[in-house]
1. Using a Förster radius of 51 Å, what is the FRET efficiency between A:I15 and B:R137 based on their Cβ-Cβ separation? Nearest 0.05, please.
2. Under unit Cβ charges (Lys, Arg +1; Asp, Glu -1), what dipole magnitude, rounded to 20 debye, does the protein assembly as shown have relative to its Cα centre?
3. As a test of the formula, what do you get for chain B when each DSSP H run with n ≥ 4 contributes -39,500 (n - 2.57) and the sum is divided by the residue count, at 222 nm and rounded to the nearest 500 deg cm²/dmol?
4. Under the rule of at least 5 residues apart or a separate chain, name every residue whose amide H is placed under 5 Å from the amide H of B:F184.
5. How big is D, in µm² s⁻¹, for the protein assembly as shown by Stokes-Einstein at 25 °C and 0.890 mPa s if Rh is the Kirkwood radius over C-alpha pairs?
6. Grab the Cα-Cα distance for B:V369 and B:L15, subtract it from 0.36 nm times how many residues apart they are, and report the gain in nm with one decimal.
7. Shielding by partners for A:43-53, please: the mean number of other protein chain Cβ atoms within 10 Å of each residue's Cβ.
8. Taking the Cβ-Cβ separation of B:K490 and A:E109 as r and a Förster radius of 35 Å, what is the calculated FRET efficiency to the nearest 0.05?
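Every number in this text was worked out from the coordinates using simple rules, so none of it is lab data. Please read these numbers as outputs of a predicted model, since none were measured by experiment. Don't worry about glycine lacking a Cβ; one is built from the backbone with ideal geometry, like all the others, and counts go over all protein chains shown.
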Amino acid sequence: MKTLKANTRVIIPSITFILGIIWVVYGLNNYGWWENGPGSGFFPSIIGILISGISVIAFLEGRKMEPPQYIKASYYPFLAAFATVGMAMIIGFFPAMFLFLQGWLKLYEKFSWKKSLPISIITTAILYGVFAMWLMVPFPAGFIYNAIRG
Amino acid sequence: METITLLLQGFGTALTIQNFLAAAAGAFLGLIVGAMPGIGSLAGVALLLPLTFKFNPVTGIIMLSAIYYANMYGGSYSSILINIPGDGPAVMTAIDGHPMAKKGEPGKALFTSNLSSFIGGTIGIIILTITGPALARLGLKFGPVEMAALLMVAMTSLGWLLGDNPTKGVVSTLLGVMLATIGFDIVVGTPRYDFGSLHLLGGISFIPLVIGMFGFSQVMEMMEPRKQGDSVDMKLTLKDSILNKSETRRLLGPAIRSSFLGTIIGILPGAGATTGSFLGYITEKKIGKNKDKMGTGILEGVAAAEAANNSAAAGAFAPLLSLGIPGSGTGAVLLGGLLMYGLTPGPRLFQNEPEFTWGLIASLYVANVITLIVALSIIPFLIKILKVPVKIMVPIITAVCIMGAYSASNSLYGVMLMLTSGFAGFHLKKNNYPIAPLLLAFVLAPTLERDFRRSFIISDGSPWIFFQRPIACGLIIFLLLTILSPVIRKGIEAVKKSRTGTTAQ
């Protein structure tokens, strides 16, 4: 199994520390602490100070702990979802969704056509029925369809 | 008397054909999703949230509540049959439920779980009917100072209780508050932390955030090698599942005891169904008639855990509706749903929206009965539901997440936000940061900020106002004790150790 190495036990508190500092700096400089009452930056700055402080403790605790193990496969749905969204802009949402389902089941899970096709077709049909027909969400039809329609 | 009249009027709302069907559909979907191992009630409610868009607010929330409620029933099925809890509250059910299944009584364990859930839910809803309006009346006496203190307590206690490390609970909570400050300042309406992005100017959208944090992060987790569930090659029939008279009598005591305990836990801000089921089980282990046999596969264990978690889920509606404070992450999703529909839970909800409030409470009674009927009738098909492999669930849930996030925002920004939240949620969970407090804080932060700033306006900038009012002072002292409790505990342990060391020498 392919694994990834990253000590997220210290990376996460580092990110929250930086975010806290950004919140304080922006809060005090851009939004204001007090003008005849608490300004827009008053509350977020307090939260920024608190999270930066607690992130230092979390960072120190994280340094003593074993980092968690990540496997590459965990990121496949993330990458596949991004690719599907990109594809949706070109060929439309539902064809992209069908290709994603079929591609995943066939290429990653190594299902046979006989097993994967019915799952992909039925799932896409249910999604179309619920989201496009029932909830009437206007999904993008894609560049190709729009170009053909002019 | 007034409560009964209002409740009867509520039944008038709940029993309209549309609302009844919405509750029935919610119960069915909630049970199926809850039964699938690895999804859990929070992800289940988050994934099904977009389905309620079609309805008016009353029907939408009734359906959402039924989904939440039925999820609690469904979570126990995989605990009992394959020893993998469907969600946190079902962990305690596995202790006796799975050994019962192994002893050849899977049907009876499921029947016990369903019946106890029904008893727990019914008692919880009855107590909600009584305490909800009373809590709302109490809430009406709260000014911004008291509300700000109460909200801080609600956020902090949850952050403290969850996860292996209080520090991480606090980081999660504060991160949720920070995310909520993005967009327009709710007090003066000026833009904040949008960093020039039009999307951020509108704030972080709730639904894509929830779907990503709980639904998509779950998909990423599912890709990891999982604990293999025990084999489910058993036959289930309704006939073999029905309890006889003596078994029903054995079930009643623990179920009723746990129901009262669970409801109280559910009402407390920051506790919830997981804590409820844990305490219900532990109490039965201490005082139950068959306490020595607990853990060996007896129905009292299943009854205690299941009645407690369902009653806690029902009890959690009391602070949610009357004070606007959810008791759990799932409650936060419901609160987000209410806000999305333009309803502001809090002391005035009972006064301003009686039709909605009592309709919702009445619909919980209806949903409880429907869920029991559906739950009992699907017992023979449960094995098939549990056999749906993760290999198929991963692409299907991913597709639902993408569609749900898009439909919530009608733009790709929603999908991008969902994916980013999912990515962040996955890493937070891997590092033992509890994400339910993040969501709870995100939902509560705007109210907290408004009341916090109003308190400072009243006091002209002095924080001492929180100590000058008795209710607020009591809450702040409780808050400080909660924050300091890990330090105090460590101190006591150190003193004990040093004393033991001295005695040994």
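1. On the way: r = 44 Å, r/R0 = 0.86.
In this case the efficiency is close to 0.70.
2. Values: 47 positive and 28 negative charges, 341 e Å.
That gives a dipole near 1640 debye.
3. On the way: 25 runs with 375 residues, N = 505.
Helix-only estimate at 222 nm: -24500 deg cm²/dmol.
4. The list, which skips near neighbours in sequence, is B:R192, B:G203.
5. On the way: Rh = 25.7 Å.
Here the translational diffusion coefficient equals 95 µm²/s.
6. Values: separation 354, 0.36 × 354 = 127.44 nm, distance 1.26 nm.
Full-extension gain reported as 126.2 nm.
7. On the way: counts 14, 10, 1, 4, 12, 4, 1, 6, 7, 1, 2.
Whole-number average of other-chain Cβ neighbours for A:43-53 is 6.
8. Working: r = 48 Å, r/R0 = 1.37.
Once the sixth-power term is evaluated, E becomes 0.15.
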